[in-house]
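Visitor: Dropping a structure here in C-alpha cells format, bear with me for questions.
The values are calculated or read from the model by the stated rules, or taken from the named source; none is laboratory data. From a predicted model like this one, the values you see are computed outputs, not experimental measurements. Here the Cβ positions follow ideal geometry from the backbone for every residue, glycine too, while neighbour counts run over all protein chains shown. Just so you know, the surface numbers come from the protein's heavy atoms only, side chains and all, with ligands and any DNA or RNA stripped out. Shrake-Rupley method; radii C 1.70, N 1.55, O 1.52, S 1.80 Å.
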Amino acid sequence: MIRVPILMYHSVTDRPNEETRPHSVRPSDLEEQLTYLAEGGFTPLTLGDLVSRLNKNTGMPVKPVVVTFDDGYADFHTHALPLLERHRFPATVFLTSGWVADAGADAAGRPLDDMLSWGQAREIAQTGIEIGGHSHSHPQLDQLPTEELRQELRRNKGLLEEKIGAPVATMAYPYGYSSARVRREVRKAGYFAACAVNNAIAADRHDMLAIPRLTVARHTTIGMFRRAVEGSAVPLIYLRERVLTKGYAVVRRTRYGLQRVRGNV
Ligand SMILES: [Zn+2]
C-alpha cells in the first residue's frame, strides 16, 4: 500500500490576526519543516501529480509527500513561495476565487486576511505550483442546496481556469466538509481529486474525492511534524483536531469518540 502524508497549511506569517492565528504557521517553522522533508529524503509532489501517478500506476518517487496551502493568503507569495523555491519543492494552493484581492465583481464571502491577487496567482502557477479549487465563497458545501453547490464549484473552477490559463483538476473542501452528494457534484464539475481534513495519512485505497490531510498549525512542533510525516502513528497532538473534525460530520458519535480517544491517551 502506498501511504502519502498530505500536509495542510493555511496562512504563513509572524503576524496572524485573531481569526487566522490557530491555523497559521510562522515562516521560520515552515522553513524548518521543509528542511526536514528535504534532509529526510522526501519527494514533494503536487496533488494532481500524486493522483495521476496513482491512477496511471506510473510509479511513485521515494517517500512522496504533498504540501498544500488553503484559501490563498497573500503571505503564501511573500513567505511560502521563496522557501519552496529555495528547496525546489512543488506544492498545491487551493484558492477561493471570491476571496481574491482583486476579485472585483466576482468578490464573494468574507476573506479572513489579505489574499493573493490574480496576478500573484498566475505568477505562482508559473513556478510549477499547482492551483486547485476551494469553492467560490468558502461555504460549508454540504449545507448548500444542490444548485448553489454546483454554482460554487463551477464558478470557482471556471474563474481559476480563465485567470490562470491552465486546467484545474483538484480541489479541497472548505473546512474539510463533504458528503456523498458533494463528492458526486465535485466529480460532475470535472475534478478528479479532492482533499478533506481527517488528520490521517492518505493511502491509495482512499476515495480520491475524500483524500485525508494532516493539519500543520502554530502549535505543531518539529517533533510532532516528524511523527506525522513519518506516519509511525497518528500523533497525539492531532487527536484533538481529529475528533473535532469528525465531530462536526458525525455529531452523534462525538461524545463517545472523545471518551474513546481520551482512554487511549
Ligand atoms: Zn479554507
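Visitor: With respect to Leu54, determine if the residue is at pLDDT below 95, open to solvent by less than 50 Å² (accessible area, probe 1.4 Å) and among the aliphatic types (A, V, I, L, M).
Guide: On the way: at pLDDT below 95: yes; open to solvent by less than 50 Å² (accessible area, probe 1.4 Å): yes; among the aliphatic types (A, V, I, L, M): yes.
Judged against the criteria, Leu54 is a match.
Visitor: If you check Arg15, Arg110, which single one turns out to be within 16 Å of the ligand (Cβ to nearest atom), out of contact with any Gly (no Cβ under 6 Å at 6 or more places or on another chain) and basic (Lys, Arg)?
Guide: Numbers: Arg15 fails: within 16 Å of the ligand (Cβ to nearest atom).
Matching residue, one of Arg15, Arg110: Arg110.
Visitor: Let me ask something else. Regarding Thr127, is this residue touching a helix residue (DSSP H, G or I) at 6+ places or on another chain (Cβ under 9 Å), within 16 Å of the ligand (Cβ to nearest atom) and not aromatic (Phe, Trp, Tyr)? Break it down stepwise before answering.
Guide: Values: touching a helix residue (DSSP H, G or I) at 6+ places or on another chain (Cβ under 9 Å): yes; within 16 Å of the ligand (Cβ to nearest atom): no; not aromatic (Phe, Trp, Tyr): yes.
For Thr127, the condition - touching a helix residue (DSSP H, G or I) at 6+ places or on another chain (Cβ under 9 Å), within 16 Å of the ligand (Cβ to nearest atom) and not aromatic (Phe, Trp, Tyr) - is not met.
Matching residues to (1) in a helix (DSSP H, G or I); (2) touching a helix residue (DSSP H, G or I) at 6+ places or on another chain (Cβ under 8 Å); (3) away from the ligand (no atom under 16 Å from the Cβ):
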position	(1), (2), (3)
Met8	no, no, no
Glu31	yes, yes, yes
Arg53	yes, no, yes
Phe76	yes, yes, no
Leu81	yes, yes, yes
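Visitor: Among (1) open to solvent by 10 Å² or more (accessible area, probe 1.4 Å); (2) assigned to a loop (DSSP other than H, G, I, E, B); (3) in contact with a helix residue (DSSP H, G or I) (Cβ under 9 Å, 6 or more places away or on another chain), there is one condition Val62 misses while meeting the rest; what is its number?
Guide: That leaves (3) as the condition not met.
Visitor: Also, quick follow-up: Does Thr146 satisfy the criteria of being modelled with pLDDT of 95 or more, within 16 Å of the ligand (Cβ to nearest atom) and either crowded, with 24+ Cβ neighbours inside 10 Å or among the β-branched types (Val, Ile, Thr) (or both)? Explain how you work it out, then say what you get.
Guide: Working: modelled with pLDDT of 95 or more: yes; within 16 Å of the ligand (Cβ to nearest atom): no; either crowded, with 24+ Cβ neighbours inside 10 Å or among the β-branched types (Val, Ile, Thr) (or both): yes.
No; evaluated as a whole, the condition is false for this residue.
Visitor: Right, another one. For the stretch 178-199, check the following and say yes or no: at least one residue is within 16 Å of the ligand (Cβ to nearest atom), of a type in the set (Ser, Thr, Tyr), open to solvent by 10 Å² or more (accessible area, probe 1.4 Å) and under 27 Å from Thr220 (Cα atoms).
Guide: yes
Visitor: What number goes with the only condition from (1) within 16 Å of the ligand (Cβ to nearest atom); (2) surrounded by 22 or more Cβ atoms within 10 Å (Cβ to Cβ); (3) touching a residue at least 40 places away in the same chain (Cβ under 8 Å) that Ser135 does not pass?
Guide: Of (1) within 16 Å of the ligand (Cβ to nearest atom); (2) surrounded by 22 or more Cβ atoms within 10 Å (Cβ to Cβ); (3) touching a residue at least 40 places away in the same chain (Cβ under 8 Å), only one is false for Ser135: (3).
Visitor: Next question. Provide a single number: the residues in the stretch 200-231 that are surrounded by 15 or more Cβ atoms within 10 Å (Cβ to Cβ), assigned to a loop (DSSP other than H, G, I, E, B) and among the basic types (Lys, Arg).
Guide: 1
Visitor: Identify all residues within the stretch 149-177 that are surrounded by 19 or more Cβ atoms within 10 Å (Cβ to Cβ) and either over 20 Å from Trp99 (Cα atoms) or within 15 Å of the ligand (Cβ to nearest atom) (or both); write none if there are none.
Guide: Hits for the stretch 149-177 are Glu152, Leu153, Asn156, Leu160, Thr170, Met171, Ala172, Tyr173, Pro174, Gly176.
Visitor: Which residue is least open to solvent (accessible area, probe 1.4 Å), if the candidates are limited to the stretch 69-92 and must be within 20 Å of Asn17 (Cβ to Cβ) and aliphatic (A, V, I, L, M)? Write out each step before concluding.
Guide: Restricting attention to the stretch 69-92, the residues satisfying the condition of being within 20 Å of Asn17 (Cβ to Cβ) are 69-80.
With the extra rule that they be aliphatic (A, V, I, L, M), the set shrinks to 74, 80.
On the way: Ala74: 23, Ala80: 0 Å².
Looking at the filtered set, the residue picked out is Ala80.
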